[in-house]
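Right, one structure below, let's go through it.
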Amino acid sequence: MDNYMKLEIAAISKNEGFARSAVAAFALELNPSLTELSDVKTAVSEAVTNSVVHAYKHKDDERKIVIECHTERAESGGVLHIQITDFGVGILDIDKAITPFYTTLAGEERSGMGFTIMQTFMDEFSVESEGGKGTVVRMQKRITGNAAPTYAECERERKEVHA
Ligand SMILES: Nc1ncnc2c1ncn2[C@@H]1O[C@H](COP(=O)(O)OP(=O)(O)O)[C@@H](O)[C@H]1O
Ligand SMILES: [Mg+2]
């Protein structure tokens, strides 16, 4: 492990954008491409949305989500590890839950594709859950570290060349 972060947030929908931006910001040191970054944001969005909409069913639940990330650096880029935990109702049948188009909230415009999207956009994906205890989603993304340099980096290089 080279770097890590841990973030605890309220499981409410307005934190979904914050959560995915926070993970994206953390990932930046691995120099991800825009596509890699957008894949990570999409997957985090789906996992956090699930904890917001599915995990907490009781009014007096302490609605929280814990997001933990760490990086493993390679010569170029590395691997971003993400773990998203809630303490809600849990998932009784995980195989069924991760089946494409399976949803328990069909009447509320849920596509049933959240887990499929996480699997597709990330390199590793697993779910662990216990009824009444909560759910842990773990994902990994390989970051190539070949992102094009930013404008500021190009300018700095240009100045160095002409110095
Ligand atoms: N964090 C969670 N806590 C409890 N149940 C969950 C959680 N995440 C997913 N589920 C269950 O798995 C199903 C499939 O999730 P997903 O593939 O994201 O589809 P959708 O969210 O559109 O229903 C959900 O309908 C729900 O029943
Ligand atoms: Mg979902």
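Miscellaneous remarks
- Looking only at segment 55-71, residues that are surrounded by fewer than 21 Cβ atoms within 10 Å (Cβ to Cβ) and not in a loop (DSSP other than H, G, I, E, B) come to 5 in all.
- Within segment 106-120, restricting attention to residues that are more than 22 Å from Gly131 (Cα to Cα) and in contact with a Phe, Trp or Tyr (Cβ under 9 Å, 6 or more places away or on another chain), the residue that is nearest to ligand 1 (Cβ to nearest atom) is Ser111.
- Number of the exception - Met1 against (1) aliphatic (A, V, I, L, M); (2) surrounded by 18 or more Cβ atoms within 10 Å (Cβ to Cβ); (3) at pLDDT below 95: (2)
- When Ala22, Ala10, Ala43, Ala27 are screened for being farther than 18 Å from Arg138 by Cβ, touching a strand residue (DSSP E or B) at 6+ places or on another chain (Cβ under 7 Å) and of a type in the set (A, V, I, L, M, F, W, C), only Ala10 passes.
- Matching residues, segment 111-156, being of a type outside the set (Gly, Ala, Ser), over 19 Å from Ser33 (Cβ atoms) and surrounded by fewer than 16 Cβ atoms within 10 Å (Cβ to Cβ): Met113, Glu128, Glu130, Lys133, Glu155, Arg156
- Subset of segment 75-99 that is touching a Gly at 6+ places or on another chain (Cβ under 7 Å) and surrounded by fewer than 17 Cβ atoms within 10 Å (Cβ to Cβ) - its residue that is modelled with the lowest pLDDT: Ser76
- Listed by first and then second residue, the pairs with beta-carbon distance under 6 Å, at least 6 apart or on different chains, first residue in segment 87-105 and more than 9 Å from Ser129 (Cα to Cα), second in a loop (DSSP other than H, G, I, E, B) and near ligand 1 (Cβ under 6 Å from one of its atoms), are Lys96/Tyr102; Ala97/Ile91; Phe101/Gly112; Tyr102/Gly112; Thr103/Arg110; Thr103/Gly112.
The values are calculated or read from the model by the stated rules, or taken from the named source; none is laboratory data. Keep in mind the model is a prediction, meaning the values are calculated, not measured. For neighbour counting, all protein chains shown are included, and Cβ atoms are generated from backbone atoms with ideal geometry for every residue, glycine included.
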